[in-house]
């Protein structure tokens with residue numbers, strides 16, 4: 001990491017109070033690190049929109065009694081094979097399973113996989129954790 005540079009900024013007092021509250025509620029020791037993390041989050045969002053290689057985690061909740069769904073989910077992962085890094089399957093109940101799928105690739109490819117999984121009958125919920133490969137945020 002490069003050296004730190006001190007910057008000054010101006011904002012309304014009530015906005016500064018909200019910033020202080022957000023940083024404190026999030027457990028930050030100081031607002032500088034909180035602001036650095038806000039900037040990193042925005043950079044990650046920009047990476048996803050720009051089509052750069054990104055890292056993401058899909059959490060898929062589904063009913064494994066839905067005929068053919070497990071095979072369809074596996075086929076989708078194979079279809080997006082260049083993007084899928086790993087998958088973990090867990091049983092939440094007799095009927096409900098969860099699959100966590102780690103993906104890497106262009107943002108539009110990852111969201112394409114998310115949307116394809118969401119469309120499958122028996123899929124109850126899909127959540128995408130958007131991350132970065134770290135190349136453009138350091």
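Computed values, structure above
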read-out	value
Candidate set: the stretch 74-93, residues that are outside any strand (DSSP E or B) and at pLDDT 95 or above; chosen: the one farthest from the chain's Cα centre (by Cα)	93
Identity of the residue in the stretch 86-129, under 26 Å from residue 36 (Cα atoms) and touching a helix residue (DSSP H, G or I) at 6+ places or on another chain (Cβ under 6 Å), that ends up surrounded by the most Cβ atoms within 10 Å (Cβ to Cβ)	103
Residue match in the stretch 54-70 (condition: at pLDDT 95 or above and part of a helix (DSSP H, G or I))	yes
From the options 134, 129, residue that is within 30 Å of residue 42 (Cα to Cα) and not in a strand (DSSP E or B)	134
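The values are calculated or read from the model by the stated rules, or taken from the named source; none is laboratory data. Just so we're clear, the structure is a prediction, and the values are computed from it rather than from any experiment. Ideal geometry is used to build each Cβ from the backbone, glycine not excepted, and the neighbour counts take in all protein chains shown.
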